[in-house]
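Read through the structure below, which is laid out as structure tokens, and then see the notes.
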Amino acid sequence: MKIQFISTGGTIDKIYFDALSQFEVGDSIATAILTDALVDFDYDVVALMKKDSIEMTEEDRASIRSHIENDPGTLFVITHGTDTMPETAKAIEGIPEKTIVLTGALTPARFRTTDAVFNMGMAVAAVQTAKPGVYIAMSGQVFEASRVRKNREENRFEAI
């Protein structure tokens, strides 16, 4: 079994610059999380882009889809910003024989209190056990791509 982790940016990879009082998307944190977790499976991490999901375009989504369609692998975890994660999930639905799980974080992975590590673990479990399709692993649940939304008021993902 091999899982490919596709990094697109988002809060999970954000770095806080204190002198500037702002956040910017940094390098993918996926390798560090997997190393710390002592995982025992083959994986690779591919950084396709470093974007806040609000800045994602339809061309970006098409690039993600094309990458997955043209890769011989069958298991993919995409780290993605939470604001437009459902839109990207919908844009990559329908790729046959591939299991794809999108995940991210509501607070940066580099923070002491973060949901990033838990969400990555959920995504790894889901990609290994779910049938081919597109899913979102957030807020302690695994959702079908077309049946989830981000509830900004409650700061969580929920089924629709």
DSSP beta bridges in the stretch 64-160: the antiparallel percent, rounded to 5, is 45 percent
Sort Leu48, Leu38 by Cβ crowding within 10 Å, fewest neighbours at the top. Leu38, Leu48
Which aspartates and glutamates, on any chain, are close to Lys98 with Cα under 19 Å apart, when same-chain ones fewer than 8 places away are left out? Asp42, Asp44, Glu69, Asp71, Glu87, Glu144
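Any read-out appearing in this document is the output of simple, stated calculations on the displayed coordinates, not a laboratory observation. Since we're looking at a predicted model, the values are computed, not measured. Methodologically, a virtual Cβ is constructed for each residue, glycine included, from the backbone with ideal geometry; neighbour enumeration extends over all protein chains shown.
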